[in-house]
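What follows is a short report on a single structure.
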Amino acid sequence: MTNINNILYLDPGHAFGLSNRTNSFMNEHFTIIDQYQLTEHPLEPYCCIVVHDFADQEYLYKHKAVIEDFLEAGKVVIFGGHLFREWLPGCPIFTPRTIESHEDYHVFKKIDHPIFKGVDTDDMTYNKGVAGFFARVTHSPVPNGAEVLLTFRDGMPITYIDRQSTKGTILVHSGRDLFAHRMQNKSTDRISIQLLQWIQDEYKALQKEVSSK
């Protein structure tokens, strides 16, 4: 790493993500560490931890107190994937969907949120003409008071923000790592940059709230 940034990205070391370690975008905006260094790496300098969909959830469950303490310090955790171990506060275990048609994968905006501003829902739903890459399952029911951003057509949540379960903010997306949606030559290219801005804005708001108490 040539740059130290205030967003920590846990690298699961999977074959599909090897390029992240040398990718200029990733190295410019993140501090990337091996996921198993989470308990050894100092977390104070970071405003956000990004957890990949290929993360070792058994390991995260064993050390869930690390995540909880980070959030209780008024910080942000982003998880994209299918939760099958209860290591993330407030997040329900993923619910597989019964699929009858590719239309069941259609993405809808519950609200017009800055993370997905200007992003066409068809561009989220389809990748090279195939539906289901963006999200295939749901985390439901979402925590009380959670802000649902995206849903399937039947209203089941795909992406939500939870500011109630901890003193921090949790962003959950029931699909691939949201930062992987870049350089696709379509409107989903906006997500990664807008998500970076949202992280900084959210952290500032959290810290302002902490300092006022």
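The values are calculated or read from the model by the stated rules, or taken from the named source; none is laboratory data. Being a predicted model, the structure only gives us computed values, none of them experimental. Virtual Cβ from ideal backbone geometry, glycine too; neighbours counted across all protein chains shown. These area figures cover heavy atoms from the full protein model, side chains too; ligands, DNA and RNA do not enter into them. Shrake-Rupley method; radii C 1.70, N 1.55, O 1.52, S 1.80 Å.
Table for the structure above
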read-out: Matching option when the condition is hydroxyl-bearing (S, T, Y) and modelled with pLDDT of 95 or more, among T121, T138; value: T121
read-out: Qualifying residue in the stretch 10-23 (condition: open to solvent by less than 50 Å² (accessible area, probe 1.4 Å), over 20 Å from P92 (Cβ atoms) and at pLDDT 95 or above); value: yes
read-out: Condition check for F84: at pLDDT 95 or above and either within 17 Å of I191 (Cβ to Cβ) or open to solvent by 10 Å² or more (accessible area, probe 1.4 Å) (or both); value: no
read-out: Residue match in the stretch 106-116 (condition: closer than 27 Å to N6 by Cβ, under 14 Å from the mean Cα position of the chain (by Cα) and modelled with pLDDT of 95 or more); value: yes
read-out: Residue check, I78 touching a strand residue (DSSP E or B) at 6+ places or on another chain (Cβ under 7 Å), buried (at least 18 other Cβ atoms within 10 Å of the Cβ) and at pLDDT 95 or above; value: yes
read-out: Sole residue being of a type in the set (G, A, S) and in contact (Cβ under 8 Å) with a residue 60 or more places away in the chain, chosen from G168, G132, G155, G145; value: G168
read-out: Hey, L60 out of contact with any helix residue (DSSP H, G or I) (no Cβ under 8 Å at 6 or more places or on another chain) and assigned to a helix (DSSP H, G or I) or not; value: no
read-out: Single condition A65 does not satisfy, out of (1) closer than 23 Å to F133 by Cα; (2) among the hydrophobic types (A, V, I, L, M, F, W, C); (3) exposed (fewer than 13 other Cβ atoms within 10 Å of the Cβ); value: (1)
read-out: Flag for P89 being of a type outside the set (F, W, Y), crowded, with 16+ Cβ neighbours inside 10 Å and assigned to a loop (DSSP other than H, G, I, E, B); value: yes
